[in-house]
Each structure stands twice: as C-alpha cells, then as structure tokens.
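Below is one structure, written out as structure tokens, with a few remarks after it.
The values are calculated or read from the model by the stated rules, or taken from the named source; none is laboratory data. Because the structure is predicted, anything quoted here is derived from the model rather than measured. Don't worry about glycine lacking a Cβ; one is built from the backbone with ideal geometry, like all the others, and counts go over all protein chains shown. Just the protein is used for accessible areas: all its heavy atoms, side chains included, with ligands, DNA and RNA removed. Shrake-Rupley method; radii C 1.70, N 1.55, O 1.52, S 1.80 Å.
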Amino acid sequence: VVNKPAGMPIHPSSNNPDNSLGNALAWYYKQKQQAFVFRCINRLDRDTSGLTIVAKHMVSGAILAQMVAAKSRDGLQAQGIHREYLAIVEGNVEPAEGVIDAPIARKESRCLERVVDYEKGDRAITHYQKLKTWKNARSNKKMSLVALQLETGRTHQIRVHMASIGHPLLGDDVYSNAVSPYKLQGQTLHARVLGFIHPRTNQYIEFEAPLPEYFSHLLDILR
C-alpha cells in the first residue's frame, strides 16, 4: 500500500517518462535485486494524492482485481475495496449529503476526458457528505470540504460527478472553468482511507493517509 504524492502519475507516459509510481517501484526492487512486475490495483489520477494498492504477485493481483470488479458490479454490499476521499470543491454543496448515480463515458474526440452519458456510459455511483463550507476573503467565493466514498471506480469519477452537480473540484483544469486564486498543481483530491480483504488471510485491513502538506496548507488559508 503506497501513499502516492500529488503530481506523480501511476504509469510512465510521453509527458512523464520517469516521474511515475511504476518507475519508483521498479527502481526500489532493482536495488533489492528482486524481479518486479507493476500491478497497480486502484489507479489514482496524477494530481490526486493518497493510498493505492500494488500487488506483489499475480495471484494476489487477480484476487484484488476481482474485488474491484465485484464492487463496481454489486455496489456497497460487495466485499471489495473500500475507498474514502477528501476534496475541496467550488461552492456551497446542497443538499449537504447525497448519492450521485450517473453513468460515465469517454468524451468523444478526447482521449482522457470523461462525461456523464446516460446512453453510452458505464454505471458510476459516488456518495458524498459536506463537512464544512467557507467564504474566502481572497476570492469572495464559497468553497466546501467534502468527504466522498466510491461505490464504483470509473476514470475521473469524483471529478466528473462533482462537476455534474455544479461543484467541480478546486484546481481542476479539465472539469472546471473557474480560475483558482491559489497556486495549485491540480485538483484538490486526497485518497484518505483504503480498506480491503487481504488475499491470503481473508481478513479486512484498513489504512489511513494523513493529509499532505499542500492540502493542509490550503485548508489553513481557507479558514
């Protein structure tokens, strides 16, 4: 279980050939002189910080992948991977808690961008709860701290769902048209809690990652 920093992509790409979680773990196991195959189970966006699982061998990877699939298929009642996030979003979220049940599909002509699409989209469900709302003096706009729980795990799910109800994530340059008054490298989203059934012991284990410095600093400014 890895606490990934914001700004680090999961996989190497043409824009980030070296600065990825896959590169970091490959180097780590090379120093230990151990063979390594990168099997990331719950992928996070580049600018999302927090917890992700990397399976150390093929069998555990297959079991964990089945848990992810069961969660997306059967919902919260399935014994699968449990994920909770914290996000700062634009506006005062009302109602203060709820469930966003809206299918997500790839946006036509765009490789990475996603949209809510009730005809072509895959099932996607996000539970949210507003924790606090501020009106910041610097921007004169309201912002909310929101806790979120994923029932499914689609690409950009939280970002797309919150934008679809009029509350895009602060700093999200894909799903928000607003210019952030703060120096942010991307959306303010942190994967805080990660729990799953251990593939070998069959016992539920849970991890929690403290807020990274950039997130805590922003909360201090907003307060």
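Any idea which residue in region 166-205 is farthest from Val54 (Cα to Cα), counting only those that are at pLDDT 90 or above and β-branched (Val, Ile, Thr)? Step by step, filter region 166-205, then rank; the result is Val174. Across region 188-203, which residue is farthest from Met58 (Cα to Cα) among those that are open to solvent by 50 Å² or more (accessible area, probe 1.4 Å) and touching a residue at least 24 places away in the same chain (Cβ under 8 Å)? Filtering first and then ranking leaves Arg192.
Kindly indicate which of Ala65, Ala87, Ala26, Ala69 is touching a Lys or Arg at 6+ places or on another chain (Cβ under 9 Å), aliphatic (A, V, I, L, M) and open to solvent by 30 Å² or more (accessible area, probe 1.4 Å).
Details: Ala87 fails: open to solvent by 30 Å² or more (accessible area, probe 1.4 Å); Ala26 fails: touching a Lys or Arg at 6+ places or on another chain (Cβ under 9 Å); Ala69 fails: touching a Lys or Arg at 6+ places or on another chain (Cβ under 9 Å).
On inspection, the qualifying residue turns out to be Ala65.
Here Ala102 clears all of (1) over 20 Å from the mean Cα position of the chain (by Cα); (2) of a type in the set (A, V, I, L, M); (3) farther than 21 Å from Ile10 by Cα except the condition numbered (1). Within region 160-179, residues that are surrounded by fewer than 16 Cβ atoms within 10 Å (Cβ to Cβ) have Cβ atoms under 8 Å from residues that are modelled with pLDDT of 95 or more and in a loop (DSSP other than H, G, I, E, B) in these pairs: Ala178/Pro168, counting only partners at least 6 apart in sequence or on another chain. Taking every residue in region 206-220 that is within 14 Å of Thr48 (Cα to Cα) and pairing it with any residue that is open to solvent by 80 Å² or more (accessible area, probe 1.4 Å), at least 6 positions away or on another chain, the pairs with Cβ-Cβ distances below 6 Å are Ala209/Asn3.
If you go through region 31-58 and keep only what is open to solvent by 20 Å² or more (accessible area, probe 1.4 Å), under 18 Å from Ile205 (Cα atoms) and either in a loop (DSSP other than H, G, I, E, B) or in contact (Cβ under 8 Å) with a residue 60 or more places away in the chain (or both), you end up with Ile41, Lys56. Screening Met162 against (1) of a type outside the set (Asp, Glu); (2) closer than 21 Å to Pro9 by Cα; (3) under 14 Å from the mean Cα position of the chain (by Cα) leaves a single unmet condition, (2). Within region 79-95, which residues are touching a residue at least 40 places away in the same chain (Cβ under 8 Å) and of a type in the set (D, E, K, R)? Hits for region 79-95 are Arg83, Glu84, Glu90. Quick one: would you say Leu184 is surrounded by 16 or more Cβ atoms within 10 Å (Cβ to Cβ) and under 15 Å from the mean Cα position of the chain (by Cα)? Taking the combined requirement at face value, the residue does not satisfy it.
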